[in-house]
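Here's the structure we're looking at; comments come further down.
The values are calculated or read from the model by the stated rules, or taken from the named source; none is laboratory data. No experiment lies behind these values; they were computed from the predicted model shown. All Cβ positions, even for glycine, are placed from backbone atoms using ideal geometry, and neighbour counts span all protein chains on display.
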Amino acid sequence: MDHDRQQKVFSNDWSRSVLCDPVTKSQCHEEAFRTVCGVVDARISLKNTYGYEEWKDGQESYEAIVRSGGAIHENNVEAYRSEIEWDRPIYEYFQLEGKILDVGGGVGTIREFLTDSATYLSIDPYINGLSEIPQPKIEAYSCLRTHLNFIGGVAEFLPVISREFDWVHMRSMLDHVQVPDLALMEARRVLKDDGRLLVGLFVEGGKRGKQTVEQFCRDKIAHLLSRFGVKRFRDHHTWHPTYRNLVKLITDNGFEIRREYWQPHWKDQVVYLEAVKK
């Protein structure tokens with residue numbers, strides 16, 4: 001990692017001040033953790049718990065896709081600019097302000113839609129992500145050329161103190177975690193008493209609750225190809241919730257859903273749910 005890029009991933013004084021032991025939740029200094037390329041590494045692995053190998057395989061597949069630019073399918077500036085415009089209405093509808101924790105936030109692309117007054121921190125297990133961003137993505141997202149508060153960590157064991165954040169943002173990540181319930185418990189812990197949760201996720205069957213014939217066939221073909229070793233079609237998700245599954249997960253873990261937004265670009269297959277901590 002070059003010096004300029006390394007400077008961009010160092011956490012500032014505020015994000016250092018909210019650090020805690022991800023297991024005991026006692027506040028601690030960054031010296032308590034090892035660092036990887038200048039980044040605090042507070043990742044905890046449940047290596048002997050059901051689902052770990054699936055999570056590990058999925059995470060490795062996901063990181064490989066991101067490195068190649070395959071997540072956007074066309075690794076060019078205009079494709080990423082289109083992605084920004086698809087997402088902009090979400091953050092006009094849900095205006096995130098104050099202290100924002102982006103769980104699974106990667107390189108922090110939602111900063112493109114935040115005001116300068118917002119205080120932002122990303123926590124993600126992809127600890128080398130910033131050094132591996134495709135150049136066209138950096139050209140498209142102006143926020144990627146600015147400082148990023150980042151800590152290496154997992155959703156089930158957040159390395160930040162309790163009742164600190166106004167918003168917890170979980171976009172396209174709950175279907176990647178090993179233990180979704182624990183991830184939501186942790187989100188509730190770190191939120192202030194009136195804090196808000198925003199979850200964005202692809203849901204099986206979409207708004208109608210039923211898979212289309214086209215989607216069913218596409219999934220079956222992808223599954224067969226992955227069985228025959230075609231890695232491009234390997235499923236790197238650990239959970240495939242319906243809308244009802246997702247609502248149940250959120251409400252079972254101490255939240256009340258207030259608003260929802262179905263993203264038009266994805267033809268009502270991706271929903272964003274805003275929930276308040278009860």
Review point. Do any residues in the range 266-278 that are farther than 19 Å from Asp252 by Cβ have Cβ atoms under 6 Å from those of residues that are surrounded by 16 or more Cβ atoms within 10 Å (Cβ to Cβ) and at pLDDT below 95, where the two are at least six apart or on different chains, and which pairs are they?
Key: Asp268/Gly206; Gln269/Gly206
Check your understanding: Out of curiosity, is Gly108 modelled with pLDDT of 95 or more, among the small types (Gly, Ala, Ser), closer than 30 Å to Arg34 by Cα and buried (at least 18 other Cβ atoms within 10 Å of the Cβ)?
Key -> yes
Check your understanding: Would a scan of the range 115-135 turn up a residue that is under 21 Å from Trp14 (Cα atoms), touching a Leu at 6+ places or on another chain (Cβ under 7 Å) and surrounded by fewer than 21 Cβ atoms within 10 Å (Cβ to Cβ)?
Key -> yes
Review point. Out of (1) surrounded by 15 or more Cβ atoms within 10 Å (Cβ to Cβ); (2) assigned to a helix (DSSP H, G or I); (3) modelled with pLDDT under 85; (4) of a type outside the set (S, T, N, Q), what's the single condition that is false for Ile250?
Key: (3)
Practice item. Considering every residue within the range 180-195, establish whether at least one is modelled with pLDDT of 95 or more, outside any helix (DSSP H, G or I) and under 19 Å from the mean Cα position of the chain (by Cα). Key: yes
Check your understanding: How many residues are free of Cβ contacts under 8 Å to residues at least 40 places away in the same chain and not hydroxyl-bearing (Ser, Thr, Tyr) when one looks only at the range 105-122?
Key -> 6
Check your understanding: Using beta carbons and a limit of 6 Å, which pairs, at least six apart or on different chains, have the first residue in the range 9-38 and at positive phi and the second one in a loop (DSSP other than H, G, I, E, B) and of a type in the set (Phe, Trp, Tyr)?
Key -> Gly38/Phe10
